[in-house]
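What follows is a short report on a single structure.
Computed from the coordinates by the stated procedures, all read-outs in this text should not be read as laboratory data. Model, not experiment: these values are computed from the prediction. Don't worry about glycine lacking a Cβ; one is built from the backbone with ideal geometry, like all the others, and counts go over all protein chains shown.
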Amino acid sequence: MEQDFEKIFQDKVDREIRIEPKDWMPEKYRQTLIRQISQHAHSEIIGMLPEGNWITRAPSLRRKAILLAKVQDEAGHGLYLYSAAETLGITRDQMYEQLHTGKAKYSSIFNYPTLSWADMGVIGWLVDGAAIMNQVPLCRTSFGPYARAMVRVCKEESFHQRQGFEILYVLSKGTEAQRRMAQDAINRWWWPSLMMFGPKDDESPNTIQSMKWKIKRFSNDELRQKFVDVCAEQVKVLGFTLPDKDLKWNEERGHYDFGEINWDEFWQVVQGNGPCNKERLDARKKAWEEGAWVRDAALAYANKKAKQKQAAA
Amino acid sequence: MSFQLHKLYYGDYGESKNGAADISTQQTNKAEWPLWEVFIRSKQGLDHKHVGSLHAADAAMAIENARDVYTRRMEGVSIWVVESKHIHASNPDEAEALYDPANDKAYRHPTFYDLPDEVKYM
């Protein structure tokens, strides 16, 4: 019987029919999705922290309004994604708990500090750029609620990248100090941005299974290459450079060659030893714990109101 | 049927390293705000359409949250919220029995009927 369900399920996926929450699905598919969607949601929520750092210090009212809107969008993206994950049977509080206890992870990029205003530009250009590269194909992922959430996210994300590039473009026309600041930010964020695509492709036969489920449609390395190709051209418009001496156009491949990523650093950050891992998680936990009385009070008030209404009826 | 996934994706560093491998999907927390489904009318004259869900203590808060989460770019002119537990849905396993009988009733569609070309405006 299970085998039949499995076959019907795969047949739907093959025919590009979206899987919806109440449809039968392999348990492993459900768990893979819960993990991937919730980690994605956590990344959006934690991702507010490095940028939130600069809201009060944005150089103009225009920039402040933009940054506020962007950070608010990220909260929204986190909520769309949590809501998609919840359709798979996990509760919101369980996901928060997994984040706060370190059981679930978020994108390692947010464990780096935002040291200057130019970092706001680079995060928009590179970090959001890398995210978009990954998220656009996710709009066609096989699980309906995830795909729909991603469509919404992608619509909004494009402004994030453009505002970031604009910040850098303005700095590139600025004083020598401003140009130095922008180049420094690019130097610090370039490699962590490449790491955002995750570890190198694994040649294991299990890869075939997950591609077969169409949860994801491109491999990490494919997307990373695409990202390098795009950025290597865009950086020329800014008149800055990417900090990679091996970055070179390869006529034969039709792609840019690029240097080796420091995977040791990547795994160190993932395992909690990045520059800001502790700070990020502490900020998140503090907000959760100190907000507990507000959540309880709102629920108590709602229950009281409901009872009063019942009594009056 | 169990599969082992070792493929690693963006924002997903695998189960062995740190992923939430043993995800339990039991309802445990009673203090969680209830879940609400959100429906938005994108403009006057159109139907409300389901856009997603959110948590809120009561209906008024659900509408306020829905405004912030789902209408930051003028996506709507009207919001409906309904507590998710009040939604009743058809069973996808019964889809065949429910909808198949409509397949062989092509005569319910206007294209089923052959009319001479001279007939206009019909």
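Worth a mention:
- Taking every residue in B:45-57 and counting other chain Cβ atoms within 10 Å of its Cβ, the average works out to 4.
- Counted by neighbouring Cβ atoms within 10 Å, the residues A:169, A:29, A:301 run from fewest to most as A:301, A:169, A:29.
- Note on residue A:101 and residue A:180: their simple-model spin labels are 4.9 nm apart, each label 7 Å out from Cα toward Cβ.
- Residues A:25, A:211, B:74 in ascending order of nearby Cβ atoms (within 10 Å, fewest first): B:74, A:211, A:25.
- Inter-chain Cβ neighbour average for residues B:58-68, partner chain, 10 Å: 2
- Cβ-to-Cβ counts within 10 Å put A:175, A:141 in ascending order as A:175, A:141, the fewest first.
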